[in-house]
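The values are calculated or read from the model by the stated rules, or taken from the named source; none is laboratory data. These numbers come from a predicted model, not from an experiment. Note that each Cβ is placed from the backbone with ideal geometry, even for glycine, and that neighbours are counted across all protein chains shown.
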Amino acid sequence: MLAVFFLHFRPPPRPFMSQALNIHTAPLGVVNAALTVFYVAEGAQPSGYGQTLWSATGLDWSQSIAASGFTGKQGQTMDVLLPGGKRQLILGSGSSSANTSLTSWTDRGGSLMAKLAATRATDIAVVVDEPSATPAALAELAAGLRLRRYKFDKYKTARADDAVGSITVTLLVTDPEAVDRAIAGRAATVEGTLLARDLINEPANALGTLEFVERTRELEKLGVSVEVLEQDELEKLGMGAMLCVAKGSARPPRLVIMQWHGGRDGDQPLAFVGKGVVFDTGGISIKPAGNMEDMKGDMGGAAAVTGLIHTLASRKAPVNAIGVIGLVENMPSATAVRPGDIVKAMSGTTIEVINTDAEGRLVLADALWYTQDRFKPRFMINLATLTGAIIVALGHEHAGLFSNNDELAIQLLNAGLNANEKLWRMPLSPAYDKLIESKFADIRNSVGRPAGSITAAQFLQRFVNEIPWAHLDIAGTAFGASNRETNTSWAPGFGVALLDRLVRDYYEG
Ligand code: BES
Ligand code: MN
Ligand code: ZN
């Protein structure tokens, strides 16, 4: 009864973006926008429809570039104010050889958005008329616009100069219908990425375990089945590893299983597992205060999995996919797990908790075991903000990739390059595996400083039961990463585009 009551009074879904951006397409031709944008390559003159637009100004090209210093280098702009209040913004597209990869087009969209926002125009026509501007490239440009437009500013009270409101960008292209189709096909990935950003940026007082569960329930509208295991069910399953992390918190643990059935009945599913620590204080082995606020993002793996399932369902991907996320909060309290405590995981393995701050691997131990045991997936990929050590090793540019399967690892490395969410492979080996043995139990959850990310991965490997598996340590890439063309928010939503690419390129059809 109570459940039914809540079903009817679920809060309405929130928009993904605080400031709307409408993207349309139109054939190359006359437009009435106040601002018209077109590109000129390095050292070149306006060409294609850009040339038509430039001719209409009556200005002399060589004089204008001499006066402005515009050379067409990437990132350059020439701002032309015309009689009648119209404005042309000419952007350098760099050397034509630099614009061949799809990710260069996503970046181009991102930097375009930054330029457009700076003009404060609200009605904008963008001309992209060059040979490499295929529908797929233009869809990337549109994706870049939307990704860059994202701001997590819902907690800022409005200021007068923020009132830009919604902007409309019309892309003038040779084949608007084909571009519309490509943009629609790419939109699902963007939305999944923005959902992941929203979840990660949200502070932990607003997004506890139960609030996260509510957000996953919104995926039901897309045809995803969402199953939620509560404390008593987790106890019955014997998930002593995951449960011990939640013991210190007033917030109850939850294991959420999201299923997207887009493939054939009986097709082995692809499984994605996420660490969902809604806040990580470190527990009794408490963290120092400096930057502890970042630990609201310790559910970045779970956010990426949720964003991915959202993406797969909204584009009706022809695969069966499972998303499993372990939601807990790691707090110190009179009921918290202690260093030295020994717990038993669902697999039967006993674990000595040396450090309560090495909690992510405890959550994943049970989530991974459960996933392979119940679903017998084709592969299992987990994402986790698992170790500070991976930031020491790789910084914010690559996530760490650990895998027991070379084929899966190579697919992931490729998908990372194609999605511009890069991975770097790290080793697993029996020599490191020895390090996690415990004096009192089968294994321990924390070792010394050497090889901190690898020993964490070795710990996880004990719970994958030898199925093809990859672990992505996203501690350096899920949040706090350096700003890029396609993101200025704290959380870039890392992992959604990468795994969507993996599925598209290797597991559909
Ligand atoms: N959530 C942290 C890892 C982390 C640190 C993510 C910084 C993002 C930024 C994880 O739970 C943790 O505390 N790991 C410990 C493990 C250690 C106690 C073995 C770490 O990395 O220090
Ligand atoms: Mn921790
Ligand atoms: Zn953590």
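Please specify each residue of the stretch 289-341 satisfying the condition of being assigned to a loop (DSSP other than H, G, I, E, B) and of a type in the set (Ser, Thr, Tyr). Within the stretch 289-341, SER333, THR335 qualify.
For first residues located in the stretch 145-159 and in contact (Cβ under 8 Å) with a residue 40 or more places away in the chain and closer than 30 Å to THR25 by Cα, partners that are buried (at least 18 other Cβ atoms within 10 Å of the Cβ) and of a type in the set (Val, Ile, Thr) and lie 6+ apart or on another chain with Cβ distances below 6 Å form the pairs ARG146/VAL190; LEU147/THR486; ARG148/THR486. No other residue among ALA384, ALA358 is farther than 14 Å from ASN465 by Cβ, out of contact with any helix residue (DSSP H, G or I) (no Cβ under 6 Å at 6 or more places or on another chain) and either within 16 Å of ligand 2 (Cβ to nearest atom) or among the β-branched types (Val, Ile, Thr) (or both) apart from ALA358. Checking GLY388, GLY400, GLY360, GLY395 one by one, the residue that is under 16 Å from the mean Cα position of the chain (by Cα), modelled with pLDDT of 95 or more and not hydrophobic (A, V, I, L, M, F, W, C) is GLY400 and no other.
Tallying residues that are assigned to a strand (DSSP E or B) and in contact (Cβ under 8 Å) with a residue 60 or more places away in the chain within the stretch 260-288 yields 12.
Considering only residues in the stretch 348-376 that are crowded, with 22+ Cβ neighbours inside 10 Å and over 15 Å from VAL324 (Cα atoms), the one that is nearest to ligand 3 (Cβ to nearest atom) turns out to be GLU359.
Output the number of residues of the stretch 423-447 satisfying the condition of being among the acidic types (Asp, Glu) and not in a loop (DSSP other than H, G, I, E, B).
2
Here ILE257 qualifies as part of a strand (DSSP E or B), assigned by TED's automatic domain parsing to the domain that holds ALA302 and either surrounded by 19 or more Cβ atoms within 10 Å (Cβ to Cβ) or within 14 Å of ligand 3 (Cβ to nearest atom) (or both).
Looking at PHE463, PHE440, PHE459, can you tell me which residue is under 20 Å from GLN372 (Cα atoms) and in contact with a strand residue (DSSP E or B) (Cβ under 7 Å, 6 or more places away or on another chain)? Before the answer, list the steps.
Numbers: PHE463 fails: in contact with a strand residue (DSSP E or B) (Cβ under 7 Å, 6 or more places away or on another chain); PHE440 fails: under 20 Å from GLN372 (Cα atoms).
Exactly one of PHE463, PHE440, PHE459 is under 20 Å from GLN372 (Cα atoms) and in contact with a strand residue (DSSP E or B) (Cβ under 7 Å, 6 or more places away or on another chain), namely PHE459.
Contact annotation: residue pairs with Cβ atoms under 9 Å, 6 or more positions apart or on different chains, pairing a residue in the stretch 473-489 that is under 26 Å from GLU359 (Cα atoms) and of a type in the set (Asp, Glu) with a partner that is within 16 Å of ligand 2 (Cβ to nearest atom) and assigned to a loop (DSSP other than H, G, I, E, B), are ASP473/THR385; ASP473/LEU386; ASP473/THR387.
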